[in-house]
Amino acid sequence: MQLLVKENTIRTPKGPSVSEALVWATALLRSARVDTPRLDAECLLASLLCCDRLQLYAALEKPLPSSVLEGYRALVARRQAREPLAYLTGTKEFWSLSFKVTPAVLIPRPETEILVETALRRLRGLQEPMIVDIGVGSGAIGVAIAKALPRARVHATEISGRALEVARENAGVHEVLGQISFLQGDLLDPLSARGLAGQCDLIVSNPPYVAASDLAALPPEVHYEPVEALNGGADGLRFHRRIIARAGALLRPGGWLALEMGPGQGRSLIKLFRDQGTFTDVEVARDLGGRQRVIIARHAVPGFTGHR
Ligand code: GLN
């Protein structure tokens, strides 16, 4: 890709200053319709210089070495092509923890913190909760829960071996490897041999939930992410259906199933839970934008068949 570099800005004798490079990159990113051009310009340069954004501001007038400038040009070009910032810097913050991300994993979204919050609220008071995270991806959910509950035990499944490596690495960095077992396979399949039937306090998952016909209209950045983590089939609920059908076998009576969902899927999901017949206390939580984002329900205690 040809970069529109203003010769006089970028080729001063000493090379451009940090400030000039930021102005140049911001203009390019703005013209590529990046949502937050200045912030992205700063994050890319800070990641290249292995410093934080505050340190950039302390060095605005310093010239950039030409080797850094070359690297910066390349990163800015990739961001102009709308490659996600998190893949370019290799990290994404979630639950105030820094997660490594690669194109093998979905980038953790802030709204998924609502899922973690909702799950943690239901686990209050339990001494050593047993948790399952289905489709662990980068590890964001499982690691956040393990960090918040040092006595929790998490079984994390993931069909992609490459994603599982990233999740394991993140668990290592956040020192919760001892709490999480990573199991490769489809949804709940890897758990059947683990003797967990009727043992789990909570099953949590952010399964793919974008309807196949909506995929093409997603922002350009999302097209760099693994489609297997996004494509939820015709109505987006293909994986929710399979999880709801099978979760009851693993949950202890009174255990919880918490799933992330897309706005507009609430009604169908409530019906799925009710039709399953073993879930009660179905509740929907909204994200900070007021959109329905998480559904949680309780596996009924034996002999209890009604719904609230
Ligand atoms: N929230 C994601 C998006 O809209 C979808 C995540 C998912 O399918 N689990 O891009």
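The values are calculated or read from the model by the stated rules, or taken from the named source; none is laboratory data. All values reported here derive from a predicted model rather than from experimental measurement. Because the Cβ atoms are built from the backbone with ideal geometry, glycine has one as well, and the counts that use them run over all protein chains shown. Surface accessibility is based on the protein's heavy atoms, side chains included, excluding ligands, DNA and RNA. Shrake-Rupley method; radii C 1.70, N 1.55, O 1.52, S 1.80 Å.
Can you tell me what the convex hull of the Cα atoms of the range 25-125 projects to on average, as an area in nm²?
Mean projected area for the range 25-125: 8.2 nm², to one decimal.
Rank these residues by their accessible area, most exposed first, probe 1.4 Å: 76, 282.
These residues rank, largest area first, as 282, 76.
Who wins for biggest fluctuation among 207, 150, 108 in a Gaussian network model of the chain, springs between alpha carbons below 10 Å?
Most flexible of the set in this elastic network: 150.
Quote to one decimal, in nm, the extra length available between residue 96 and residue 177 on full extension: 0.36 nm per residue of separation minus the C-alpha distance between them. Please list the in-between numbers first.
Numbers: separation 81, 0.36 × 81 = 29.16 nm, distance 1.83 nm.
Length difference between fully extended and current span is 27.3 nm.
Give me the accessible area of residue 128, 1.4 Å probe, in Å² rounded to the nearest 10.
We get 120 Å² for residue 128.
What size of dipole, in debye to the nearest 20, comes out for the chain about its Cα centre when the only charges are +1 on Lys and Arg C-beta atoms and -1 on Asp and Glu C-beta atoms? Don't skip to the answer; put the middle values down first.
Working: 37 positive and 32 negative charges, 85 e Å.
Dipole of the chain, to the nearest 20 debye: 400 debye.
Ignoring solvent entirely, what values of log10 I(q)/I(0) come out of the Debye formula for the range 172-290 at 0.17 Å⁻¹ when each Cα is a single scatterer?
-1.01
For the range 57-97, divide the Cα radius of gyration by the Kirkwood radius and give the resulting Rg/Rh value with two decimals.
Radius of gyration over Kirkwood radius for the range 57-97 works out to 1.08.
For the range 223-308, what are Rg and Dmax over the alpha carbons, in angstrom?
Taking only Cα atoms of the range 223-308, I get Rg and Dmax of 13.6, 48 Å.
In the calculated pair distance distribution of the range 81-137, what percentage of Cα-Cα distances lie above 13 Å? Before the final figure, lay out the partial values.
Details: 1096 of 1596 pairs.
When all Cα pairs of the range 81-137 are counted, 69 percent exceed 13 Å.
Of the accessible area of the range 158-291, with the probe set at 1.4 angstrom, what percent is carbon plus sulfur?
Carbon plus sulfur share of accessible area: 52 percent.
Quick one: how many Å² of residue 92 are accessible to a 1.4 Å probe, rounded to 10?
For residue 92, the solvent-accessible surface is approximately 70 Å².
How much accessible surface area, in Å² rounded to 10, belongs to the heavy atoms of residue 66 with a 1.4 Å probe?
Ignoring ligands and nucleic acids, residue 66 comes out at about 90 Å².
How much accessible area per residue does the chain have, in Å², with a 1.4 Å probe?
Accessible area per residue, the chain: 48 Å².
Under a Cβ-only charge scheme (Lys and Arg +1, Asp and Glu -1), can you give me the dipole magnitude of the range 121-172 about the Cα centre, in debye to the nearest 20?
300
Along each of its three principal axes, how wide is the spread of alpha-carbon positions in the chain, in whole angstrom units, largest first?
Result, largest extent first: 80, 40, 31 Å.
In deg cm²/dmol, rounded to 500, what helix-only [θ] at 222 nm does the chain give when every DSSP H run of at least 4 residues adds -39500 (n - 2.57) and the total is split over its residues? Could the numbers behind the result be given before it?
Details: 11 runs with 110 residues, N = 308.
Calculated from helices alone, the mean residue ellipticity at 222 nm is -10500 deg cm²/dmol.
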